[in-house]
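Below: one structure, written as structure tokens.
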Ligand code: AMP
């Protein structure tokens, strides 16, 4: 089994690349952001709970995350592995994930860190705002999401570096180029 965390700031291409990785290696793609957006569309209790956090560019409280992730994982019978996209985003979530993986007899194989500088990211997110109209892609919310990323999520790079699980991959360039860079690393594992 191969379990990959794809890690990077908002707008780094995590979503696009993790779908491609899941397809190529036959893995299950789990995006907590996609799960939340679906719940919001369906106006479920969870959707109603998380909506205002997402619209402000804040993180959804940690205690809501691990059960959602577990539910998304156990739905799949005998998976070849998982690609986690947008999870974990805090140290608490990373520790919760460690516990969950242990409980399930699984291990994180690799944490791929997409390296993209901030100017590039702001440009990409503003462009996505025009194209997709995501409600959390306007300029103020984008700035807040980047701040939240720096303050709460970036420290995870060290967390996984210490566990010797992280690999930094250049996230600038065309989609296929970046994908090839990611696959090169995955193929070494
Ligand atoms: P994403 O599509 O991964 O950029 O996620 C969109 C939004 O969903 C984020 O800005 C957060 O508000 C929320 N979200 C997604 N994943 C998480 C997570 N692991 N922890 C907390 N909030 C999350």
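Assorted remarks:
- Applying the criterion of being closer than 16 Å to residue 12 by Cβ and not in a helix (DSSP H, G or I) to the residues of the stretch 134-160, the residue that is modelled with the highest pLDDT is 154.
- Annotation: of all residues in the stretch 68-94 being assigned to a loop (DSSP other than H, G, I, E, B) and within 19 Å of residue 152 (Cα to Cα), the one that is farthest from the chain's Cα centre (by Cα) is 90.
- Per this entry, residue 97 is not counted among residues that are touching a helix residue (DSSP H, G or I) at 6+ places or on another chain (Cβ under 9 Å) and not in a helix (DSSP H, G or I).
- The condition of being more than 29 Å from residue 109 (Cβ to Cβ), crowded, with 20+ Cβ neighbours inside 10 Å and modelled with pLDDT under 95 holds for only one of 11, 57, that being 57.
- Residues of the stretch 104-133 that turn out to be part of a helix (DSSP H, G or I) and either surrounded by fewer than 20 Cβ atoms within 10 Å (Cβ to Cβ) or without any contact (Cβ under 8 Å) to a residue 24 or more places away in the chain (or both), as a count: 13
- Residue count, the stretch 77-103 (criterion: over 27 Å from residue 151 (Cβ atoms) and surrounded by fewer than 12 Cβ atoms within 10 Å (Cβ to Cβ)): 4
- Tally, over the stretch 28-52, of residues that are surrounded by fewer than 18 Cβ atoms within 10 Å (Cβ to Cβ) and outside any helix (DSSP H, G or I): 4
- Any chance residue 68 is within 25 Å of residue 128 (Cβ to Cβ), more than 10 Å from the ligand (Cβ to nearest atom), touching a residue at least 12 places away in the same chain (Cβ under 8 Å) and surrounded by 18 or more Cβ atoms within 10 Å (Cβ to Cβ): no
- Selection over the stretch 166-189 of residues that are part of a helix (DSSP H, G or I) and touching a residue at least 40 places away in the same chain (Cβ under 8 Å) gives a count of 7.
The values are calculated or read from the model by the stated rules, or taken from the named source; none is laboratory data. Bear in mind the structure is a predicted one, so any value in this text is a computation, not a measurement. Neighbour counts are summed over all protein chains in view; Cβ atoms, including those assigned to glycine, are modelled from backbone coordinates with ideal geometry.
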